[in-house]
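So the structure is just underneath, and the comments pick up after that.
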Amino acid sequence: MKEFKVRSGFILRLLLWLLLMYTICRIGFAIYNYSDLDMHSSQTWISVILYGLRFDISSIILINIFFILLHLLPVRYLINRRVSIFLQFLFLTFNIFFIFLNCIDIVYFPFVLKRMQSDVVLFVNGQKGNELFNLLPTFFIQYLPVWLLFGAITYILVRVYKHEFKKFLNRTEEIKFTYHSVIYPFLVAGLSII
């Protein structure tokens, strides 16, 4: 049981940090695109943040489902150096990529007045023009505050992961492997589906 608490606490803290990062991106989106959005009352701001939290929670769980499922393994496998490096790479790569897309969406919105969708791929592969890669240096300079926000979030996310993983390792030293530690995560996952 203690192993399950340590493991779920580690995952929950990481997911809460991600939720904070996505909320910061959402607030940045609203501030940057304030003139294009009808957000003149505090009630509208609160609604955007609350509805955004609901969307962000489902997105974060979907993005990290593989990472979460791998944490159903017994702790003795998770503290293996190769496995822990793979899990760190998995967590940071997926989350940094989607935060990057979120930051791109901040500057993409004023051009089309809608959130980024799959049609943005048409700009990358050249079906909607070949100027994207020529304009990248200009976009980088013109939207520097957004890229600084992305850099700060990435830095914080890497530091948080390393800090939380170190706490996770310190707590797992006192845990002995039991079969209950394998059964509890599957039980919780099964009950959450029902």
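The values are calculated or read from the model by the stated rules, or taken from the named source; none is laboratory data. This one's a predicted model, so the numbers in the text were calculated from it and none came from an experiment. Cβ: placed from backbone, ideal geometry, glycine included. Neighbour counts: every protein chain shown. Ligands, DNA and RNA are stripped out before the accessible areas are found, and what is left, the full protein with its side chains, is counted by its heavy atoms. Shrake-Rupley method; radii C 1.70, N 1.55, O 1.52, S 1.80 Å.
Can you say whether Leu12 is out of contact with any helix residue (DSSP H, G or I) (no Cβ under 9 Å at 6 or more places or on another chain) and not β-branched (Val, Ile, Thr), as far as the supplied structure shows? Before the answer, list the steps.
On the way: out of contact with any helix residue (DSSP H, G or I) (no Cβ under 9 Å at 6 or more places or on another chain): yes; not β-branched (Val, Ile, Thr): yes.
Criteria met by Leu12.
Could you give every pair whose Cβ atoms fall below 9 Å, whose first residue belongs to segment 25-50 and is of a type in the set (Asp, Glu), and whose second residue is open to solvent by 100 Å² or more (accessible area, probe 1.4 Å) and at pLDDT below 85, counting only separations of at least 6 or pairs across chains?
If the second residue must be open to solvent by 100 Å² or more (accessible area, probe 1.4 Å) and at pLDDT below 85, the pairs left are Asp36/Leu113.
Could you please find all residues in segment 55-77 being under 23 Å from the mean Cα position of the chain (by Cα) and of a type in the set (D, E, K, R)?
Result: Asp56, single match.
If only one of Leu144, Leu157, Leu149 is at pLDDT 85 or above and surrounded by fewer than 12 Cβ atoms within 10 Å (Cβ to Cβ), which one is it? Don't jump to the end; show me each part of the working.
Values: Leu157 fails: surrounded by fewer than 12 Cβ atoms within 10 Å (Cβ to Cβ); Leu149 fails: surrounded by fewer than 12 Cβ atoms within 10 Å (Cβ to Cβ).
The match here is Leu144.
Can you tell me which residues in segment 23-54 are open to solvent by 50 Å² or more (accessible area, probe 1.4 Å), under 21 Å from the mean Cα position of the chain (by Cα) and of a type in the set (S, T, N, Q)?
If the condition is that a residue be open to solvent by 50 Å² or more (accessible area, probe 1.4 Å), under 21 Å from the mean Cα position of the chain (by Cα) and of a type in the set (S, T, N, Q), then no residue fits.
Of the residues Asn134, Asn125, which is over 17 Å from the mean Cα position of the chain (by Cα), surrounded by fewer than 12 Cβ atoms within 10 Å (Cβ to Cβ) and either of a type in the set (Phe, Trp, Tyr) or modelled with pLDDT under 65 (or both)? Working first, answer last.
On the way: Asn134 fails: either of a type in the set (Phe, Trp, Tyr) or modelled with pLDDT under 65 (or both).
None of the other options fit; the residue is Asn125.
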